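We did not get these values from a lab; they are worked out from the coordinates using the rules stated. Everything numeric here is computed off the predicted structure, so don't read it as measured data. Note that each Cβ is placed from the backbone with ideal geometry, even for glycine, and that neighbours are counted across all protein chains shown.
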Amino acid sequence: MTGERARGLLELTRPINAIAAGALTFIGAFVVGRLGNQGAVAAAVGATVLAVAAGNTMNDYFDREIDRINRPDRAIPRGAVTPREALAFSLVLFAGAVVFALTLPSLAIAIAVVNLLALVAYTELFKGLPGVGNAVVGYLGGSTFLFGAAAVGRITDAVVVLFALAALSTVAREIVKDVEDVAGDRREGLNTLPIAVGERTALWLAAGLLAVALVASPLPYVQETFGWPYLVVVALADLAMAYAAVESFADPTAGQEHLSYAMFLAAAAFVVGRLAVTV
């Protein structure tokens, strides 16, 4: 395998995104306070990293014509990897994710099955449906926390809140990304939300979803699950999300990137909240 092909295959997986998803799964297990089962935590993180890498690779396989317009520097459009190689690589990654997932409790396996099916079906069935594809990606993003908690056998209210906040903010970010990709999506005949309702209306919908997430974010403090350290960090995340929402109207690319950072800051708030409880 040439160096360029190896680099191309690695690029297809979006390694930073895949590793970040694994970190979110770890946070899900951490928030419920059951890191003692290290084997289950490691298997859940491994399954998540491989599944997200597989989904990203398959998405690039199906999106190769759109990417010739929107992302010509990606591995398939620039010729570093052939479509057939990308498809075969994604199947290998999916198989690895399944092997890890099958070692986990039944609820975690059920979540993994739903997520793997959603990943496979996303590009061909859901991506071009206004709002539906965004909702699927939002669920997948939030479910990493549920999966981590289920892997160690305990889903708490805090994890459910974390799932809901992550899902809402992920849907908002995906809508902003669709605004960024309107030109290529329209040429390929996709009917994404910004194409169906207009770019500005879509951005207002994204801002509305973020507003719901921001209003709900103090819930773990109100429910006395976490104390004031959680509230301080989540308030910073809320400010970052609000800024990114406003920024998206002028610059969708910068807005969706800053939303990603804000979402990880929000996840960190739950880690801080859990640490404060155990100290």
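When peptides 109-120, 259-270 are ranked by their average number of other Cβ atoms within 10 Å per residue, the highest-first order is 259-270, 109-120.
Of [x] -0.37, -0.69; [y] -0.60, -0.84; [z] -0.42, -0.75, which one was derived for log10 I(q)/I(0) by the Debye sum over Cα atoms at q = 0.09, 0.12 Å⁻¹ from the structure shown? Label of the calculated value: [z]. Here the sum of -39500 (n - 2.57) over DSSP H runs of 4 or more residues, divided by the residues of the chain, equals -26000 deg cm²/dmol at 222 nm, to the nearest 500.
On the beta carbon distance between Glu4 and Thr201, with R0 = 51 Å, the FRET formula returns roughly 0.75.
Rounded to the nearest 20, the size of the Cβ-charge dipole of region 156-279 about its Cα centre is 160 debye, with Lys and Arg at +1 and Asp and Glu at -1. Using Cβ point charges alone (K and R +1, D and E -1), the dipole size of the chain about the Cα centre works out to roughly 520 debye. Arranged from fewest to most other beta-carbon atoms within 10 Å of their beta carbon, Ile155, Ile175 become Ile155, Ile175.
Think of region 156-279 as a dipole: +1 on every Lys or Arg Cβ, -1 on every Asp or Glu Cβ, centred on the Cα centre; then among Trp228, Ser169, Ala206, Trp228 lies furthest on the positive end. Charging the Cβ of each Asp and Glu at -1 and of each Lys and Arg at +1, and nothing else, the dipole of region 1-145 about its Cα centre rounds to 120 debye.
When region 1-155 is described by a simple charge dipole with +1 on each Lys and Arg Cβ and -1 on each Asp and Glu Cβ, the residue from Ala42, Ala108, Leu91 located farthest towards its positive end is Ala42. Dividing the Cα radius of gyration of region 197-279 by 2.2 N^0.38 Å, with N the residue count, gives 1.20.
If a/c stays under 1.5 just call it rounded; otherwise compare a/b with b/c (prolate if a/b is bigger, oblate if not). Do that for region 81-225, with a ≥ b ≥ c from the square roots of the Cα gyration tensor eigenvalues. The shape class here is oblate.
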